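One structure is given below, encoded as structure tokens.
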Amino acid sequence: MAIDETRLNAFMGNFVHDIGAVMHAATIVVGDQLGLYKEMAKGPGTVEELAKRTETDPRYLREWLSAQAASGYVEYDPKGERFSLTEEQAFALAEEGSPAFVPGAFQIAVAQFKAVPKMVQAMRTGLGIGWHEHDPALFHGTERFFRPGYAANLVSQWIPALEGVPAALERGARVADVGCGHGASTLLMAQAYPESSFVGFDYHAPSIERARETARKAGIDDPKRLSFEVASAKDFPGKDYDLVAFFDCLHDMGDPVGAAAHVRASLKPQGTWMLVEPFANDRLEDNMNPVGRVFYSASNFICTPASRSQEVGLCLGAQAGEARLRDVASKGGFAHFRRASETPFNLIFEARP
């Protein structure tokens, strides 16, 4: 083998960076579950002080804090041997409602590792892995990862980018949120538009139960305003919807064309299908960047196996891109399809009959 030492050293540098990130991910999940970031956001402290405040073992906490400091997730002052969070670190690690909140993403990453044995078998056999077959950490992590982005953009930017939709929602519209998971997107819309009625659908019964519980805690107990039902994207009930929304889920479906056709049949003649998907360009070479790396990895372990576990198994993947999504909408009966908005993590499309 003709080894170029410079290229090898560069690769090994990437390896050290990546293995550090992988090893660090589990410590973030532990810190999140113990409430360590939230407590540190209240003020700095030594290991002993923070151990007392968080009711954790000092020796374990010292290693945890050291790992956080080495990774740049907390600050360390050698003079006073005190650890602290900057305002930016606290915003991303301790404030559950902030648009930069990241611990949910690490829950997803940890859940992927739990799926390794299933993934090895799936890649050998070509069989799928259903969403419901994953560790529950995936369900909770997905909600916590996506909710901040929805909270920051859904009502303020994405819905206003849809022609005629904001006015319809303010007057009173019928809305279906398909593949709603724990219902974060459905609840945000229901809170913003009290004159409209919303129903969230998901095939995963435990997620629907969680969504109902969340709605109750939020104080919306009126089923005429907000409800959640177990149903799939190809058989959810109801007709004459003004708006049907899919948030980061079409690419997970086995038959996205069939789902699009069912949406088309469920809409009013002037209704709108809002499709929110992970940001992606149409060509692989244009997705070879940090965001594409995250989504391709998630697609390998979560999205593509979910699609393969269902009928048809089209396997759009989390980096489908606008051209493939447009083709799905067209085959489902939609004549109008446009990119309405975008963020670094999402593409938002408007489809009409």
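Does residue 37 meet the test of being of a type in the set (Phe, Trp, Tyr) and under 19 Å from residue 91 (Cβ atoms)?
Yes; evaluated as a whole, the condition is true for this residue.
Take residue 27 and decide whether it is under 27 Å from residue 150 (Cα atoms) and β-branched (Val, Ile, Thr).
Answer is yes for this residue.
Among (1) assigned to a loop (DSSP other than H, G, I, E, B); (2) surrounded by 19 or more Cβ atoms within 10 Å (Cβ to Cβ), which single condition is residue 42 missing?
All conditions are met except number (2).
Which is out of contact with any strand residue (DSSP E or B) (no Cβ under 7 Å at 6 or more places or on another chain), surrounded by fewer than 16 Cβ atoms within 10 Å (Cβ to Cβ) and either touching a residue at least 24 places away in the same chain (Cβ under 8 Å) or not polar (S, T, N, Q) (or both), of 232, 297?
297
Which one of the conditions (1) open to solvent by 30 Å² or more (accessible area, probe 1.4 Å); (2) in a helix (DSSP H, G or I); (3) in contact (Cβ under 8 Å) with a residue 24 or more places away in the chain does residue 62 fail to meet, given that it meets all the rest?
Status for residue 62: all satisfied but (3).
Hey, does region 83-93 have a residue that's in contact with a Pro (Cβ under 9 Å, 6 or more places away or on another chain), under 30 Å from residue 203 (Cβ atoms) and crowded, with 16+ Cβ neighbours inside 10 Å?
There is no residue in region 83-93 that is in contact with a Pro (Cβ under 9 Å, 6 or more places away or on another chain), under 30 Å from residue 203 (Cβ atoms) and crowded, with 16+ Cβ neighbours inside 10 Å.
Quick grid of which residues meet (1) farther than 23 Å from residue 277 by Cβ; (2) in a helix (DSSP H, G or I):
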| residue | (1), (2) |
| --- | --- |
| 107 | no, yes |
| 112 | no, yes |
| 121 | yes, yes |
| 127 | yes, no |
| 140 | no, yes |
| 151 | no, yes |
| 160 | no, yes |
| 163 | no, no |
| 168 | no, yes |
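Could you please give the count of residues in region 313-353 that are aliphatic (A, V, I, L, M), touching a helix residue (DSSP H, G or I) at 6+ places or on another chain (Cβ under 7 Å) and not in a strand (DSSP E or B)?
Of the residues in that region, 6 qualify.
Exactly one condition in (1) more than 21 Å from the chain's Cα centre (by Cα); (2) farther than 17 Å from residue 263 by Cβ; (3) open to solvent by less than 20 Å² (accessible area, probe 1.4 Å) is false for residue 215; which is it?
Unmet for residue 215, out of (1) more than 21 Å from the chain's Cα centre (by Cα); (2) farther than 17 Å from residue 263 by Cβ; (3) open to solvent by less than 20 Å² (accessible area, probe 1.4 Å): (1).
Scanning region 188-201 for residues that are open to solvent by less than 20 Å² (accessible area, probe 1.4 Å) and under 18 Å from the mean Cα position of the chain (by Cα), which turns out nearest to residue 218 (Cα to Cα)?
The selected residue is 189.
Let me confirm something: among 284, 347, 267, which residue is open to solvent by less than 20 Å² (accessible area, probe 1.4 Å) and either out of contact with any Ser or Thr (no Cβ under 9 Å at 6 or more places or on another chain) or farther than 20 Å from residue 150 by Cβ (or both)?
Testing whether each residue is open to solvent by less than 20 Å² (accessible area, probe 1.4 Å) and either out of contact with any Ser or Thr (no Cβ under 9 Å at 6 or more places or on another chain) or farther than 20 Å from residue 150 by Cβ (or both) leaves just 267.
Considering only residues that are under 25 Å from residue 253 (Cβ atoms) and either small (Gly, Ala, Ser) or modelled with pLDDT under 95 (or both), which ones fall in region 215-232?
Answer for region 215-232, where residues must be under 25 Å from residue 253 (Cβ atoms) and either small (Gly, Ala, Ser) or modelled with pLDDT under 95 (or both): 215, 227, 231, 232.
Checking residue 169 against (1) more than 19 Å from residue 236 (Cα to Cα); (2) surrounded by fewer than 22 Cβ atoms within 10 Å (Cβ to Cβ); (3) not polar (S, T, N, Q), which test does it fail?
Tallying (1) more than 19 Å from residue 236 (Cα to Cα); (2) surrounded by fewer than 22 Cβ atoms within 10 Å (Cβ to Cβ); (3) not polar (S, T, N, Q), residue 169 fails exactly one: (2).
Just checking, does region 149-159 include any residue being among the polar types (S, T, N, Q), under 27 Å from residue 338 (Cβ atoms) and surrounded by 15 or more Cβ atoms within 10 Å (Cβ to Cβ)?
yes
The values are calculated or read from the model by the stated rules, or taken from the named source; none is laboratory data. Keep in mind it's a predicted model, so treat the numbers as computed, not measured. For neighbour counting, all protein chains shown are included, and Cβ atoms are generated from backbone atoms with ideal geometry for every residue, glycine included. SASA here: full protein model, heavy atoms, side chains in, ligands and nucleic acids out. Shrake-Rupley method; radii C 1.70, N 1.55, O 1.52, S 1.80 Å.
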